[in-house]
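Data block below; observations after.
The values are calculated or read from the model by the stated rules, or taken from the named source; none is laboratory data. As the structure is a computational prediction, the values presented were derived from the model and not from experiment. Here the Cβ positions follow ideal geometry from the backbone for every residue, glycine too, while neighbour counts run over all protein chains shown. For accessibility, only protein heavy atoms count, side chains too; no ligands or nucleic acids. Shrake-Rupley method; radii C 1.70, N 1.55, O 1.52, S 1.80 Å.
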Amino acid sequence: MPAGRTVSIRVRRFDPAAGGRRLWQAYDVDAGPMMSVLDALFWVLENEDPTLAFRYSCRAGMCGSCAMVINGREGLACARRLERLRAPVTVEPLRSLPVIKDLLVDLRPFFEKYRAVDPFYIGQAASVFDPASEPAVLPRGDAAREIVDRQIDCIACGACYSACPIVSIVPEFLGPAALNRAYTVAADARDAAGVERLHRVTADGGVFACHSVGNCVTVCPVGVDPLLSIQLLRKGAVHR
Ligand code: FES
């Protein structure tokens, strides 16, 4: 699709204050070169409909706020170029999350599950008088650190949660992002909550609910592999 011409986009609209019906609305966007899907939504906001609701922050592919479903696949609206997409370009809110309005979803279920794995490192009782008693990070060359260094790039955008078919049919499934986060802290040998954390992620709704479909890997906009984290958590649990 050449840039600098009119591009048709179809946006999934939903307004609870106007009857709450979900419908598609089409717009012909005056598309400039290098225009992103997020730019196109701003074009609609400024030229066609000031009530269109969507979320964004950094506009640079870093914060994850603008995750949505574009042409049927999860992605960051600020990072997807219109000229690389088949028209008409369809834009929908993330799946498996309550829609507040239009493209705006309620991320609380996603973050409640994230919180359920205690997504932070819980240290041993290190002495505050002797900070050197505990290294600040895993040493370079450590095999787990190689993986953890990649997996902590997650920006918690919710794309993997939306793309996961198990999330949509098993409500208690913690989802790829939460389990990935659990691995990044559980892999740290200094994590004092390791065993308890392992119990949590192997209970109902944990790693054994995953069917290894791999959509989470395909859609991750920052190259994280949540499926690998899930498999490593399973392996750790079986070894114990
Ligand atoms: S607005 Fe931050 S990732 Fe798109």
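Does Gly19 satisfy being out of contact with any strand residue (DSSP E or B) (no Cβ under 6 Å at 6 or more places or on another chain) and touching a residue at least 12 places away in the same chain (Cβ under 8 Å)? Even if it seems obvious, please write down each step before you answer.
On the way: out of contact with any strand residue (DSSP E or B) (no Cβ under 6 Å at 6 or more places or on another chain): yes; touching a residue at least 12 places away in the same chain (Cβ under 8 Å): no.
No: the conditions fail for Gly19.
The C-beta contact set for segment 139-159 (first residue within 23 Å of Leu97 (Cβ to Cβ), second residue open to solvent by 70 Å² or more (accessible area, probe 1.4 Å), distance under 7 angstrom, 6+ apart or interchain) comprises Ile155/Met62.
Checking the conditions here, which among Ser168, Ser212, Ser162 is closer than 29 Å to Arg55 by Cα, open to solvent by 30 Å² or more (accessible area, probe 1.4 Å) and either touching a residue at least 60 places away in the same chain (Cβ under 8 Å) or small (Gly, Ala, Ser) (or both)?
On the way: Ser212 fails: closer than 29 Å to Arg55 by Cα; Ser162 fails: open to solvent by 30 Å² or more (accessible area, probe 1.4 Å).
Unique residue meeting the criteria: Ser168.
One residue alone among Ala192, Ala182, Ala177, Ala203 is at negative phi, open to solvent by 30 Å² or more (accessible area, probe 1.4 Å) and touching a residue at least 60 places away in the same chain (Cβ under 8 Å), and that residue is Ala192. Counting only helices (runs of 4 or more DSSP H) that sit completely within segment 127-215, those holding 1 or more residues that are at pLDDT below 95 correspond to 143-151, 176-186, 194-202. Residue count for segment 76-93 satisfying the condition of being within 13 Å of the ligand (Cβ to nearest atom) and buried (at least 22 other Cβ atoms within 10 Å of the Cβ): 4.
For first residues located in segment 51-68 and more than 7 Å from the ligand (Cβ to nearest atom), partners that are among the charged types (D, E, K, R) and assigned to a loop (DSSP other than H, G, I, E, B) and lie 6+ apart or on another chain with Cβ distances below 9 Å form the pairs Thr51/Asp15; Thr51/Asp102; Leu52/Asp102; Ala53/Asp15; Ala53/Asp102; Phe54/Asp102; Ala67/Arg55; Met68/Arg55.
Screening Leu23 on (1) open to solvent by less than 30 Å² (accessible area, probe 1.4 Å); (2) over 23 Å from Cys154 (Cβ atoms); (3) among the aliphatic types (A, V, I, L, M); (4) modelled with pLDDT of 95 or more shows it passes everything except condition (1).
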